[in-house]
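Data block below; observations after.
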Amino acid sequence: MKQILVTRSSMPPFEEYMEEIRSVWESHWLTNMGPKHAELAEALRAYLGVERIELFTNGHMAIELTLQAMNLQGEVITTPFTFASTTHAIVRNGLEPVFCDIDPVSFTLDPAKIEERITERTCAILPVHVYGNICDTDGIEAVARKHGLKVIYDACHAFGETVNGKGAGTFGDASCFSFHATKVFNTIEGGAVCFRDTALGEKLYDLKNFGIHGPEDVRAVGANAKMNEFCAAMGLCNLRHVEEEIEKRKKAGNRYRSHLEGIPGLQLNAVQPGVKYNYGYFPVIFERDVFGADRDEVFTALAEQNVGARKYFWPLTSAFSAFAGKYDPAETPVAQRISERVLTLPLYADLAHEDVDRICETVLRCGKR
Ligand code: T4K
């Protein structure tokens, strides 16, 4: 039986990539902010509609080094309904994550609940546009302004999205993107931070390049998180095709909806008014008592058909064994409930519609058992 995984990397035609790296090969300039790096940064700045951008080796280093660049201390209010990276970026900076509950429809941080978690030690909010669902940015900004907090968006799932025509990377003090192989747009591995403040940009540059300013001047204690020329070249190629890829994802996503919308006991991702969505993920929430099967039963039935759906995001990051005994996932009951019930079905540009039909048949059969 043909194997279908939760996603499949988008790739340009082989010849297009070969042509793109020809100049890299000829110049022997492989990394350290070469011409491809500069070209991609400018192309992404325009595409994302942001003022400033710094490229990174991956989305995680983009988040971790942004927190470091802001010199934060104390507590960061965040969501536990996310990939490990979001929470780890906080903890690895010596900061304390304070987990806040999410909205049951958008699965993003609930601004009213953020306010309840603020203490005199709170320094920042780190919300996630999970599955590309845009957070309540107005609500979050109002809370942040009132209490003088920084806002760093984990926009790793929100590539190419706009809200009433405004780029998803324009909110907060900074927005961090992932260009990992599994994302809507990839540079194999890669990431970026979008921001407005030039001083923050200088710190980010220092942190990604050892603080080096010329061969004889090291002004800061930076790490190494530079994107190399091969990754930048992949990005230049993939960027030419990304709109077409999103359009194909949209068709596959709509095919899922044609089968699963309106089925009692299934909650599909809500369409957000004014948002140009990127169709990165297709999460479904299974209510066992109504649908007739729980998430784990559906997961197993799909696995038997060689379909690798994923439980993004279970467990909650606050329930990771790495943090055993430190946090109580029951303090975020909505996140806990969603996390126990969610399954993300395969979705990628080349996913055949017959495969979507087959996946939906298996899902629906579970409910009828
Ligand atoms: N914040 C959020 C909210 C994130 O979701 C992520 C990453 C980050 C921050 C950090 O960004 P990065 O530092 O990663 O740039 C995958 C990705 O590795 C990870 O980037 C992503 N989130 C997360 C949601 O998914 P895994 O552990 O599930 O990956 P893996 O290896 O199981 O791959 C999943 C599927 O993707 C495979 O079944 C097949 C497909 N695949 C995978 C690879 C590696 C491909 O088609 N090609 C590939 O090269 O984490």
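The values are calculated or read from the model by the stated rules, or taken from the named source; none is laboratory data. Remember, it's a predicted structure, so these values are computed and weren't measured experimentally. Positions of Cβ are generated from backbone atoms using ideal geometry, with glycine treated the same way; all protein chains shown enter the neighbour counts. Please note that ligands, DNA and RNA were not included when accessible areas were found on the heavy atoms of the full protein model with its side chains. Shrake-Rupley method; radii C 1.70, N 1.55, O 1.52, S 1.80 Å.
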Residue 152 surrounded by fewer than 24 Cβ atoms within 10 Å (Cβ to Cβ), at pLDDT 95 or above and either touching a helix residue (DSSP H, G or I) at 6+ places or on another chain (Cβ under 6 Å) or of a type in the set (Val, Ile, Thr) (or both): no
Here are some conditions: (1) away from the ligand (no atom under 15 Å from the Cβ); (2) in a loop (DSSP other than H, G, I, E, B); (3) under 25 Å from the mean Cα position of the chain (by Cα). Residue 47 meets all but one. Which one does it not meet? (2)
Hey, could you check the stretch 1-44 for residues that are under 24 Å from residue 203 (Cβ atoms) and either among the small types (Gly, Ala, Ser) or without any contact (Cβ under 8 Å) to a residue 24 or more places away in the chain (or both) and say which is nearest to the ligand (Cβ to nearest atom)? 41
List pairs: first in the stretch 165-180 and more than 8 Å from the ligand (Cβ to nearest atom), second of a type in the set (Ser, Thr, Tyr), Cβ under 6 Å, 6+ apart or cross-chain? 169/175; 171/137; 171/153; 172/153; 174/66; 175/153
Inspect the stretch 115-137 for any residue being away from the ligand (no atom under 16 Å from the Cβ), open to solvent by 20 Å² or more (accessible area, probe 1.4 Å), over 26 Å from residue 73 (Cβ atoms) and of a type in the set (D, E, K, R) and give the result as yes or no. yes
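So which residues in the stretch 207-242 are in a helix (DSSP H, G or I) and either of a type in the set (A, V, I, L, M) or without any contact (Cβ under 8 Å) to a residue 40 or more places away in the chain (or both), if there are any at all? Show your work before the answer.
Going residue by residue through the stretch 207-242, those that are in a helix (DSSP H, G or I) are 207-208, 229-242.
Listed by number, the residues that qualify are 207, 232, 233, 234, 236, 239, 242.
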Check on residue 247, over 21 Å from residue 136 (Cβ atoms), surrounded by fewer than 19 Cβ atoms within 10 Å (Cβ to Cβ) and within 20 Å of the chain's Cα centre (by Cα): yes
Filter the helices (runs of 4 or more DSSP H) completely within the stretch 275-369 down to those with at least 1 residues that are of a type in the set (Asp, Glu) and surrounded by fewer than 16 Cβ atoms within 10 Å (Cβ to Cβ). 288-291, 295-304, 353-368
Within the stretch 55-71, of all residues that are open to solvent by 10 Å² or more (accessible area, probe 1.4 Å) and more than 15 Å from residue 153 (Cβ to Cβ), the one farthest from the ligand (Cβ to nearest atom) is 71
Members of the stretch 252-274 found to be within 21 Å of the chain's Cα centre (by Cα), surrounded by fewer than 17 Cβ atoms within 10 Å (Cβ to Cβ) and touching a residue at least 40 places away in the same chain (Cβ under 8 Å), listed by number: 270, 272, 274
